[in-house]
1. In whole angstrom, note down how far apart the Cα centers of the stretch 227-241 and the stretch 90-125 are.
2. What's the FRET efficiency of Tyr135 with Lys21 using the Cβ-Cβ distance as r and R₀ = 22 Å, to the nearest 0.05?
3. Rounded to whole Å and sorted largest first, list the principal axis extents of the Cα atoms in the stretch 29-171.
4. How long are the three semi-axes of the equivalent ellipsoid for the chain, computed from the Cα gyration tensor as the root of 5 times each eigenvalue, in whole Å, largest first?
5. Choose one of Gln79, Val246, Thr188: the residue whose Cα lies farthest towards the positive end of the charge dipole of the chain (beta-carbon charges +1 Lys, Arg; -1 Asp, Glu; about the Cα centre).
6. State log₁₀ I(q)/I(0) for the stretch 22-111 at q = 0.11, 0.13, 0.19, 0.24 Å⁻¹ as given by the Debye formula over alpha-carbon point scatterers of equal weight, solvent excluded.
7. Near Arg141, within a Cβ-to-Cβ distance under 13 Å, what is the net charge of the other residues, with Lys and Arg +1 and Asp and Glu -1?
8. Please list, in order along the stretch 77-87, the HN-Hα scalar couplings obtained from phi with the Karplus expression 6.51 cos²θ - 1.76 cosθ + 1.60 (θ = phi - 60°), rounded to whole Hz, x for Gly and Pro.
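The values are calculated or read from the model by the stated rules, or taken from the named source; none is laboratory data. Since the structure is predicted, the reported quantities are computational estimates derived from the model, not experimental observations. Reconstructed Cβ throughout: ideal geometry from the backbone, glycine too, with neighbour counts over all protein chains shown. Only protein heavy atoms, including side chains, enter the accessible area calculation; ligands, DNA and RNA are left aside. Shrake-Rupley method; radii C 1.70, N 1.55, O 1.52, S 1.80 Å.
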Amino acid sequence: METADAGRRISVVINTYNAAKHLDRVLDSVSGFDEVVVCDMESTDGTQEIARRHGCRVVTFAKGGCNIVEPARQFAIGQATWPWVLVVDADELVPAALREHLYAMVSAEGCPDGLAIPRKNYFMGRFLHSCYPDYVLRFFRKEVTTWPPVIHTSPQVGGRVERLPRGRKDLALEHLADDSVATILRKTDTYSDHELPRRRHKDYGTAALVARPAFRFFKSYVLKGGFRDGRAGLIHAALDAVYQFVVVAKLIEERRGR
């Protein structure tokens, strides 16, 4: 009986670095799970103290010169005690309805090995239609899952993966980050540097400098409904286009440098 119960237990894993801003709310939202592991990358803002105050198990991953979270993901997952793992960012809330759904799922026959969960995103104080459902593969069976140390990558699950219905917004993670334009531009510079190794096989030329940003803007603003979000949607679509432009420009610059 004890073994059967263990098979239905869920560990929450949260990677952090100077995450004090939202952490109290995030940890309150995951308090109903069997375990919460906070994997901290040497924070200096009291993040670890907040986690310990909430009764979390805190482990440390040396940050070094790394400014992305992915290299610490697999280490953090490896610290989880239970067979099922829910990975939550330090600026995401887990609704009670999602917690109940996950426990019902792992208790049922034919449970998938991984689950992609929709996420609600905000910009300039508005919910972004263009970024929903923004599926993230965050719930999985630990023993069949690995997380590559590559920016913006998803875990690799050795088994069946399903998606929650996009219409179930009550089950969606809520992304608290409401980044400013300046923050998004800083992330564009950082993330695009880490994107280059994944794109080096692409032979982008001058046409891509126009076509890729243009299509990204059209996709965000028109196809995904950004026009419904007013000026916030317009600005966010333009910033999406800027990201594509910067990635292509850096690849061209790198190729010329070689």
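1. 27 Å
2. Values: r = 25 Å, r/R0 = 1.14.
Once rounded, the FRET efficiency stands at 0.30.
3. Result for the stretch 29-171: principal-axis Cα extents of 40, 39, 31 Å.
4. Details: eigenvalues 215, 89, 73 Å².
So the three semi-axes of the chain are 33, 21, 19 Å.
5. My answer, from the dipole projection, is Val246.
6. Values, matching the q order: -0.34, -0.46, -0.94, -1.37.
7. Values: positive: Arg8, Arg9, Arg138, Lys142, Arg160; negative: Asp113, Glu143, Glu162.
My count for the surroundings of Arg141 gives +2.
8. 4, x, 7, 5, 7, 9, x, 10, 10, 10, 8
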